[in-house]
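Let me begin by presenting the structure, written as structure tokens, before commenting on it.
The values are calculated or read from the model by the stated rules, or taken from the named source; none is laboratory data. Keep in mind that what you see is a predicted model, and the values were worked out from it rather than measured. We place every Cβ from the backbone using ideal geometry, glycine too, and count neighbours over all the protein chains shown.
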Amino acid sequence: MSTAAAAFRRSARLSGIEVSLIVQISEKAREAKARGEPIIGLGTGEPDFHTPQHIKDAAAAAMAAGDTRYPPTAGTAALKAAVVEKFRRENDLVFTPDQILVSTGAKQVLFNAFFATLDPGDEVVIPAPYWTSYLDIVRVCDGVPVVVETSADDGFRITAEALRAAITPRTRWLLLNAPGNPSGATYTPEQLRAALAPLADHPAVWVLSDDIYEHIRFDGGPFVTTAACVPELRDRTLTLNGVSKAYAMTGWRIGYAAGPKPLIAAMTAAQGQSTSGACSIAQAAAVAALTGPQACVAEMVAVYRERRDLVCAALDAVPGLSCPPPGGAFYVFPSCAGLFGRRTPGGAVLTSAMDVATYLLEAAHVAVVPGEAFGAPEHFRISTASATADLQEACRRIAAACAALS
Ligand code: PMP
């Protein structure tokens, strides 16, 4: 071992933070594919569509025009104006540009928010199933995630009782995500108001509303976000969104948020000492996404809906799986509890979603993410942001693999 390696020590802050289970499964699938196995990877939540052409053109034009210098830390004036207009047009929320922060993906917005507000031991209430990264981002920022169970019978929505029971004097945030990754859970305005009622008694608790899947909805109802739906909470809500999912722009790394000025100023200070601000070219592309034609979004959502329907129908018909169609986001999240206790042809007994995912990877060559990654150990996640033909073949193979269990 070299001296440098021997002397290496991780910070306490980073101890226990590893590459996420989702990335681990994707890498396992990539390795198997490289070995020549016919793997279908349904692990990552990333649109298979290309970024629409008018958005790419805007980036090329920005480059050609020399828009290649450090942008303002909180975002370009053009993108902040586009974000202000987006919130007005789509969410009936009025913000000024100094209430907007543009970051390198929605993920960096989350990081900035927690980095800027959490002291060691401060708590963040997170309903399960949750997006895997939430817990580790909170931990990296010295916070303590407080996971609140939800049930499939309640549509994976947090209840007022569960929220009330989770709040302590250390609670700083409630983190909401609807449509949710991985469950697809959505709220009606009445359901959201009822769930958040306990916050009236806890004025120090803020709400972070992760709206990244706003446009990917199949329930036909209005989009429901805390700042608009519960005006009493507006002064303590951070509304998070981005272009990754709606516009198939995951690689461009642009997310944004709107909230009270002191919070945005603190988050901007945090960002100023990490990235200095998001890529200027990508910000120009995001302006085109938010202000340009929106038909591309509806076209992609129509395809996600078709895929959701075909996958849910196919998997729900498999004995041992239960797969009600989710209201939004591009995942399906079947329960596989009905397979627990069954035996694989190799003689192993399936006792967890991790066992099921491992069996599906080995026997069906289909990579799914076990629910343990999301705090929901009886489910697994399939991304429907994958090619339709792959999804059809994957469902056929999953059904065959399940039929081979005894
Ligand atoms: N929030 C949720 C719920 C997500 O699923 C994701 C991406 N998987 C993000 C935030 C991060 O999005 P971005 O690509 O903009 O960083």
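Give the residue, chosen from 248, 295, that is crowded, with 22+ Cβ neighbours inside 10 Å and of a type outside the set (Ser, Thr, Tyr). First the steps, then the outcome.
Working: 295 fails: crowded, with 22+ Cβ neighbours inside 10 Å.
Result of the check over 248, 295: 248.
Does residue 109 fit the bill of being touching a strand residue (DSSP E or B) at 6+ places or on another chain (Cβ under 8 Å), among the aliphatic types (A, V, I, L, M), under 30 Å from residue 174 (Cα atoms) and outside any helix (DSSP H, G or I)? Outline the logic, then answer.
Details: touching a strand residue (DSSP E or B) at 6+ places or on another chain (Cβ under 8 Å): yes; among the aliphatic types (A, V, I, L, M): yes; under 30 Å from residue 174 (Cα atoms): yes; outside any helix (DSSP H, G or I): no.
Against the criterion (touching a strand residue (DSSP E or B) at 6+ places or on another chain (Cβ under 8 Å), among the aliphatic types (A, V, I, L, M), under 30 Å from residue 174 (Cα atoms) and outside any helix (DSSP H, G or I)), residue 109 does not qualify.
If I go through the stretch 371-392 residue by residue, how many of them are under 16 Å from residue 27 (Cβ atoms) and modelled with pLDDT of 95 or more?
1
Between 78, 61, 34, which is touching an Asp or Glu at 6+ places or on another chain (Cβ under 9 Å), of a type outside the set (Asp, Glu) and farther than 18 Å from residue 244 by Cα?
Numbers: 78 fails: touching an Asp or Glu at 6+ places or on another chain (Cβ under 9 Å); 34 fails: touching an Asp or Glu at 6+ places or on another chain (Cβ under 9 Å).
Sole residue among the options that is touching an Asp or Glu at 6+ places or on another chain (Cβ under 9 Å), of a type outside the set (Asp, Glu) and farther than 18 Å from residue 244 by Cα: 61.
Output the number of residues of the stretch 35-57 satisfying the condition of being in a helix (DSSP H, G or I) and within 26 Å of the chain's Cα centre (by Cα). Spell out how you get there, then give the answer.
The initial filter retains those residues of the stretch 35-57 that are in a helix (DSSP H, G or I), namely 53-57.
Those left that are additionally within 26 Å of the chain's Cα centre (by Cα): 53-56.
Of the residues in the stretch 35-57, 4 are in a helix (DSSP H, G or I) and within 26 Å of the chain's Cα centre (by Cα).
Out of 35, 69, 30, I need the residue that is at pLDDT below 95, over 28 Å from residue 329 (Cα atoms) and of a type outside the set (Asp, Glu). Which one?
Only one candidate qualifies: 35.
Can you tell me which of 385, 357, 373, 399 is hydrophobic (A, V, I, L, M, F, W, C), touching a residue at least 60 places away in the same chain (Cβ under 8 Å) and assigned to a loop (DSSP other than H, G, I, E, B)? Let's see the steps before the verdict.
Values: 357 fails: assigned to a loop (DSSP other than H, G, I, E, B); 373 fails: assigned to a loop (DSSP other than H, G, I, E, B); 399 fails: assigned to a loop (DSSP other than H, G, I, E, B).
The unique qualifying residue is 385.
What do you reckon, is residue 213 within 21 Å of residue 101 (Cα to Cα) and either assigned by TED's automatic domain parsing to the domain that holds residue 376 or in a loop (DSSP other than H, G, I, E, B) (or both)?
So residue 213 fits the description; yes.
Tell me which of these residue 310 doesn't satisfy, since it passes every other one: (1) surrounded by fewer than 20 Cβ atoms within 10 Å (Cβ to Cβ); (2) touching a residue at least 24 places away in the same chain (Cβ under 8 Å); (3) in the same structural domain as residue 89 (by TED's automatic domain parsing).
Every listed condition holds for residue 310 apart from (3).
What are the residues in the stretch 159-181 that are in a loop (DSSP other than H, G, I, E, B) and more than 15 Å from the ligand (Cβ to nearest atom), if any? Break it down into steps so the answer makes sense when it comes.
Of the residues in the stretch 159-181, the ones in a loop (DSSP other than H, G, I, E, B) are 159, 167-170, 178-181.
Passing the criteria: 159, 167, 168, 169, 170.
Considering only the stretch 312-335, state which residues are under 22 Å from the mean Cα position of the chain (by Cα), more than 16 Å from the ligand (Cβ to nearest atom) and of a type outside the set (S, T, N, Q).
Passing the criteria: 312, 323, 324, 325, 334.
Scan the stretch 226-240 residue by residue and report those that are part of a strand (DSSP E or B) and under 29 Å from residue 303 (Cβ atoms). Write out each step before concluding.
Kept after step one, since they are part of a strand (DSSP E or B), are these residues of the stretch 226-240: 237-240.
Selection gives 239, 240.
Name the one entry in 104, 44 that is outside the structural domain of residue 251 (by TED's automatic domain parsing) and either within 22 Å of residue 248 (Cα to Cα) or within 16 Å of the ligand (Cβ to nearest atom) (or both).
Exactly one of 104, 44 is outside the structural domain of residue 251 (by TED's automatic domain parsing) and either within 22 Å of residue 248 (Cα to Cα) or within 16 Å of the ligand (Cβ to nearest atom) (or both), namely 44.
Which condition does residue 22 not pass, out of (1) within 16 Å of the ligand (Cβ to nearest atom); (2) aliphatic (A, V, I, L, M); (3) touching a Phe, Trp or Tyr at 6+ places or on another chain (Cβ under 6 Å), if it passes all the others?
(3)
Please identify the pairs in which a residue from the stretch 245-268 that is assigned by TED's automatic domain parsing to the domain that holds residue 93 has its Cβ atom under 6 Å from the Cβ atom of a residue that is within 9 Å of the ligand (Cβ to nearest atom) and at pLDDT below 95, counting only partners at least 6 apart or on another chain.
What qualifies is 250/46.
Can you tell me which of 207, 243 is touching a Leu at 6+ places or on another chain (Cβ under 6 Å) and either of a type in the set (A, V, I, L, M, F, W, C) or closer than 30 Å to residue 299 by Cβ (or both)? Let's see the steps before the verdict.
Details: 243 fails: touching a Leu at 6+ places or on another chain (Cβ under 6 Å).
Being touching a Leu at 6+ places or on another chain (Cβ under 6 Å) and either of a type in the set (A, V, I, L, M, F, W, C) or closer than 30 Å to residue 299 by Cβ (or both) holds for just one of 207, 243, which is 207.
Quick one: residue 132 ticks every box in (1) modelled with pLDDT of 95 or more; (2) touching a Phe, Trp or Tyr at 6+ places or on another chain (Cβ under 8 Å) bar one, so which box is it?
(1)
Out of the stretch 119-149, which residues are more than 15 Å from the ligand (Cβ to nearest atom), buried (at least 21 other Cβ atoms within 10 Å of the Cβ) and in a loop (DSSP other than H, G, I, E, B)?
141, 143, listed by residue number.
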